[in-house]
Amino acid sequence: MDRTNSPPAAAMNEDIAGAAQVVLAGGLLDREAIDSVVLQSSSEHLWDLLYWANRIRIANFGNSIKVCSIVPGRLGGCSQDCRFCSQSARYKTSVEGSRVFSDEEILSAAAKAKQSGVGNLGIVYSGRAVDDDELERVERLVGQIRNDYGLEVCASLGTITADQAHRLARAGVSKYNHNLETSERHFGNVVGTHEYTDRVATIRAVRAAGLGICAGGIFGIGESDSDRVDMAIELRGLEADTVPMNFLHPIEGTPMGDFETMAPMEVLRVIAIYRFILPTTNLKVAGGRSLNLRDMQSWIFYAGATGILSGDYLTTAGRAVVADMQMLKDLGLEAQA
């Protein structure tokens, strides 16, 4: 084939490549370097960003992918006003009232997770906090799930005290989930019934108790690139072990019910930017994955993701675990036990 008149190959973007080399050498990017990567990751250079994000993933995690599932302990009836959430009692959505799931339902979810090859189960309670009876119940269930099914168990119970965090650690909880949701600057546009600092205080209490930190946020809620970077840097400072990355699934009846979903390539761009900022942190793509990515779900790993939330979410349908496991097998990736 005559290639005499073929156009020259496009050069790799130097800013993105340079930042990647810093990260691959074990360094962390400062704000100036991060902003440069974000600025350069336009559509023209997005492929460079994805290429290097994938290299960073492989260097730090190989082909191992952490798969998690969740089960509600309590669903709905929340007093808080998170403007994306159908569980808030302040909005008229398909989630009506509050429902407490039985021990049998939670243990059934654990058995299903074990049978499907999922190694991690999260118990999630709606609401600002849990009372002592609810905490005792979670402590008991955690021990039973670990003993009977050999799963790692995470908990998401809202705001907790230092004493409650130590109790969960003694019960065998592996990680505690408490999302920042967005940057401190944008937080007031999303939540009005509590402060960003309340969330940070809970995360610090959890870390002090020796629990792993599962903290992330939600994208597509009117935030800017600067908000996204600010949250990533905050999570890096809080030493989050796992960062759940949720993408808005607009729910009718909530203040964000008429928001547009994110374009798949923008979702991948956000994941890749987070991989540059958080090179050794498990990036778990969670809520909104199917709706926002559609046919491009498998690309999240090329963008640097190292974890997925599989199965149904709390109030929206997710992707079947068997389909996710097949996807990982087809990609040559391994579900971490």
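Only the coordinates and a few stated rules stand behind these numbers; no lab work does. As the structure is a computational prediction, the values presented were derived from the model and not from experiment. Cβ coordinates were reconstructed from backbone atoms using ideal geometry, including for glycine residues, and neighbour counts include every protein chain displayed.
Assorted remarks:
- Long-range amide H partners of K66 with built H, under 5 Å: G307, I308, Q336
- Each residue of region 179-196 is assigned a 3J(HN,Hα), and the resulting list reads 7, 6, 6, 7, 6, 4, 5, 8, 4, x, 7, 10, 9, x, 9, 8, 9, 4 Hz, derived from the Karplus form 6.51 cos²θ - 1.76 cosθ + 1.60 (θ = phi - 60°), x at Gly and Pro.
- Considering only M265, L235, A169, the residue lying farthest towards the positive end of the dipole of the chain is A169, judged by Cα position with unit charges set on Cβ.
- Across the options P244, S41, P72, the greatest Cα extent toward the positive end of the charge dipole of the chain (unit charges at beta carbon of Lys, Arg, Asp, Glu) belongs to P72.
- Residue with peak Gaussian network fluctuation, the chain [Cα springs, cutoff 10 Å], from A25, A33, A129: A25
- Per-residue HN-Hα couplings for region 210-227 [Karplus 6.51, -1.76, 1.60; θ = phi - 60°; Hz; x = Gly/Pro]: x, 7, x, 9, 10, 9, x, x, 10, 10, x, 10, x, 7, 9, 4, 5, 4
- Alpha-carbon radius of gyration plus Dmax, which is the widest Cα pair, for region 1-140 in Å: 23.9, 76
- For the chain, built as a Gaussian network whose Cα springs stay under 10 Å, the top-fluctuating residue of K284, K66, K112: K112
- Close amide H partners of F219, meaning residues 5 or more places away or on another chain with modelled amide H under 5 Å apart, are N246, F247, L248.
- Of all DSSP beta bridges in region 63-336, antiparallel share, percent nearest 5: 10
- Against the empirical 2.2 N^0.38 Å (N residues), region 75-135 has a Cα radius of gyration ratio of 1.32.
- Peptide ranges 81-91, 248-258 listed from the most packed, as the mean C-beta count within 10 angstrom indicates: 81-91, 248-258
- In sequence order, calculated HN-Hα J values of region 253-263 (Karplus, 6.51, -1.76, 1.60; Hz; x Gly/Pro): x, 8, x, 9, x, 9, 5, 7, 6, 7, 5
- By the rule of a second cysteine Cβ within less than 4.7 angstrom, the chain holds isolated cysteines at C68, C78, C154, C214.
- 18 Å cut-off, amide nitrogen to a point 7 angstrom out along R170 Cα→Cβ, residues in region 207-239: 207-212
- log10 of Debye I(q)/I(0), alpha-carbon scatterers only, for region 63-336 at 0.11, 0.12 Å⁻¹: -0.57, -0.69
- Adding -39500 (n - 2.57) for every DSSP H run of four residues or longer, then dividing by how many residues the chain holds, sets the calculated 222 nm ellipticity at -12500 deg cm²/dmol.
- Distance between the 7 Å Cα→Cβ label points at T161 and L28: 3.2 nm.
- Applying 1/(1 + (r/R0)^6) with R0 = 51 Å to the Cβ-Cβ distance of L107 and A59 gives a FRET efficiency near 0.85.
- C-alpha long axis of helix 103-116 to longest principal axis of the chain, angle in °: 30
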